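The values are calculated or read from the model by the stated rules, or taken from the named source; none is laboratory data. Small disclaimer: the values here were computed from a predicted structure and weren't measured. Heads up, the Cβs are rebuilt from the backbone with ideal geometry, glycines too, and the neighbour counts pull from every protein chain shown. Protein only, heavy atoms only, side chains kept; ligands, DNA and RNA dropped before computing areas. Shrake-Rupley method; radii C 1.70, N 1.55, O 1.52, S 1.80 Å.
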Amino acid sequence: MKRHLYLLLSVILLCACSGTESLFKEALNKDKQGKTEQALQIYSQILRREPGFYSAIANRAVLYEKLGDYKRAEADYKKAYEIYPRSTELLNNIGAFYLKQDKNGLAIYYLTKALALKEDYFSALLNRAAAYQKIGNFPAAYKDLQYALELQPENQTALLNHALYQYDVGNYSAAAQEFTDLIYKNPKNPKHYFRRAMAERKLRQYANALEDCSAAMSLQKNYIPAIFCRAEMLYAKGEYEAALADLNELKAINNKYVPAYDFAGDILSLDDPQNAALNYKTAAQLDPKNSKKYNSKISALKTNSGRKYITKRRFDAIDRGI
């Protein structure tokens, strides 16, 4: 399962001086309205007047990050840190910024600084747990998650990250139960059904996983991971035509989705090697760095034993939950 550990950011709300107070409030309002670029322009206007205005620098960093301009975001975060190195909100934001980029050592460094100043800082605990989890330090991640849940036992982000933790460490039954609890709390979230399906897949509960993938798709029609998962579950049950139908639907939604072509080729390899080869060729064109793998499968299609080997590998991969 492709995981996404949810991060928490804070907006810096220190008071502005009288000359820029109205502009600062306007920038905050623009950001609340989702007008990120306008808010960014106002913060830049403030900083042209007062280059050392901490709150404007810190908030502009968040907006640059939101827009994907990580170079400028990092520069602003560093400026803000030089001015106010003991701001827990800023330290949390910097930690989350590095966590998003998988710079987990830096993330842990800044988040630990935040927690040294405020040990019950909920957002920093969750973010540091995510960083620890990414580097495989599961005991440390669990400790932070447990403390976060003691502070806010009904917080949805904490509960979700705890369920993802259970999945990561291989506690698939516990993960499935925790995703079930999340579904009860929010039955309209398709991702919870998909996540439970992936845990059920690991447990070889294919019928349950199939049902959950269908539930996710009913809530979000073009949910690609759920469609692909359902195709796998149908294949595991021997319903090859239905699996191919899902894969064809995937191709219609996104004709560059490589796994759909690769999987379709595997399904077709026994009975229709010609169309299987066409799917592998398309996969190789879309994913040239892995073309050797697809060309190897095309070669395997030439013999009966090769075709059987392709289908066996696909089934084994699903059965092992890979």
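In this simple spin-label model, placing a label point 7 Å from the Cα along the Cα-to-Cβ direction at both LYS185 and TYR309 gives a separation of 4.9 nm.
For the pair segment 261-298 / segment 167-189, the C-alpha centres are spaced 35 Å from each other.
Kirkwood radius and radius of gyration were both taken over the C-alpha atoms of segment 42-146, and their ratio Rg/Rh is 1.02.
Rolling a 1.4 Å probe over the protein heavy atoms gives the chain an accessible area of 50 Å² per residue. Within the listed set ALA284, ALA80, ALA226, the Gaussian network model of the chain (springs between alpha-carbon atoms below 10 Å) gives the highest mean-square fluctuation for ALA284.
At a Förster radius of 45 Å, what calculated FRET efficiency corresponds to the Cβ-Cβ distance of GLN38 and ASN254, to the nearest 0.05? Let's see the in-between values first.
Details: r = 32 Å, r/R0 = 0.72.
The formula returns an efficiency of 0.90 here.
The C-alpha radius of gyration of segment 81-193, expressed as a fraction of 2.2 N^0.38 Å, stands at 1.10. Mean silhouette area of the chain, derived from the convex hull of its C-alpha atoms and averaged over all directions, reads 18.7 nm².
Restricting the trypsin sites (Lys or Arg not before Pro) of segment 267-311 to loop positions (DSSP other than H, G, I, E, B) with no more than 11 neighbouring Cβ atoms within 10 Å leaves LYS302.
Given R0 = 51 Å, the distance between the Cβ atoms of GLU26 and ALA242 translates into a calculated FRET efficiency of 0.40. Each residue, GLU119 and TYR84, gets one label point 7 Å from its Cα in the Cβ direction; the gap between the two is 2.5 nm.
Given R0 = 30 Å, the distance between the Cβ atoms of ARG49 and THR112 translates into a calculated FRET efficiency of 0.30.
Once the piece of chain linking SER299 and ASN155 is laid out straight, how much longer is it, given 0.36 nm per residue of separation minus the C-alpha distance between them? List each step's numbers first, then the result.
Working: separation 144, 0.36 × 144 = 51.84 nm, distance 5.25 nm.
Taking 0.36 nm per residue and subtracting the Cα distance, the gain is 46.6 nm.
With an a/c value of 1.5 or above and a/b not larger than b/c for the gyration tensor axes a ≥ b ≥ c computed over the alpha-carbon atoms, segment 65-111 is described as oblate.
The sum of -39500 (n - 2.57) across all DSSP H runs of n ≥ 4, divided by the residue count of the chain, sets its helix-only mean residue ellipticity at 222 nm to -23500 deg cm²/dmol.
The calculated pair-distance distribution of segment 240-318 uses every alpha carbon pair, bins of 10 angstrom beginning at 0, and gives 21, 55, 24, 0 percent. In terms of its Cα atoms, segment 151-273 spans 57, 25, 20 Å along the principal axes, sorted from long to short.
Could you look at the chain and say what percent of its accessible area is carbon and sulfur, using a 1.4 Å probe and all protein chains? Don't jump to the answer; show the numbers that get you there.
Working: 7970 of 16150 Å².
Ligands and nucleic acids excluded, carbon and sulfur reach 49 percent.
Annotation: peptides 45-52, 58-65, 94-101, ranked by per-residue average of other Cβ atoms within 10 Å with the highest first, follow the order 58-65, 94-101, 45-52.
With every protein chain in place and a 1.4 angstrom probe, the accessible-area ranking of MET217, MET233, largest first, reads MET217, MET233. Estimated at the nearest 10 Å², the accessible area of LYS35 is 80 Å² with a 1.4 Å probe. ILE224 to ASN290: extension gain in nm, 0.36 nm per residue of separation minus the Cα-Cα distance? Contour length minus the Cα-Cα distance gives 21.6 nm.
Exposure check, 1.4 Å probe, all protein chains in place: THR36 carries approximately 20 Å² of accessible surface.
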